[in-house]
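Where a number appears in this text, it was derived from the coordinates with a stated rule and is not lab data. Just so you know, these numbers come straight off a predicted model, no measurement behind them. Quick reminder, even Gly has a Cβ in these numbers, built from the backbone with ideal geometry, and neighbours come from all protein chains shown.
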Amino acid sequence: MNILYQHDLVRRMNIGDGKWRYEHWLDCHQHDHLICIRCGTIVEFMNPQIEEIQKDVADKFNYKLVRHVHQLFGLCKQCRKLPISVN
């Protein structure tokens, strides 16, 4: 995977757990991620309103966006059913 990353064929994603995830991103639409903090499930989504807000912010500061990273962390439906562990 490192070779693919070094040649810009995949992108690396860090969700804060010390592990790298890789995803294909050539000819891929920008998308964002919902990440479960308990089980690590990742859901990809695209929201036109988020894209529009990003464009508005970039325009306001005279930037041309190239890419972005947007990660939302929470608990998935299955993990919300489990008891909260106390450490």
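Sorting 36-47, 51-62 by average packing, meaning the other beta carbons within 10 Å per residue, from highest down gives 36-47, 51-62.
A simple count of charges around Val57, restricted to other residues whose Cβ falls under 13 Å of its Cβ and scoring Lys, Arg +1 and Asp, Glu -1, yields -1. Panel order for Leu75, Leu65, by other beta carbons found within 10 Å of each beta carbon, from fewest to most: Leu65, Leu75. Which net charge results for the neighbourhood of His70, defined as the other residues with beta-carbon distances under 12 angstrom from its beta-carbon, given Lys and Arg at +1 and Asp and Glu at -1? That works out to -2. Counting 0.36 nm for each residue step from Val43 to Ala58 and taking away their Cα separation leaves a gain of 2.8 nm. Give the cross-link partners of Lys55 among the lysines, using a straight C-alpha distance below 26 Å as the criterion and excluding same-chain residues fewer than 8 apart. Straight-distance partners of Lys55: Lys64. Stretched out straight at 0.36 nm per residue, the stretch from Cys79 to Leu65 would grow longer than its current Cα-Cα span by 1.5 nm.
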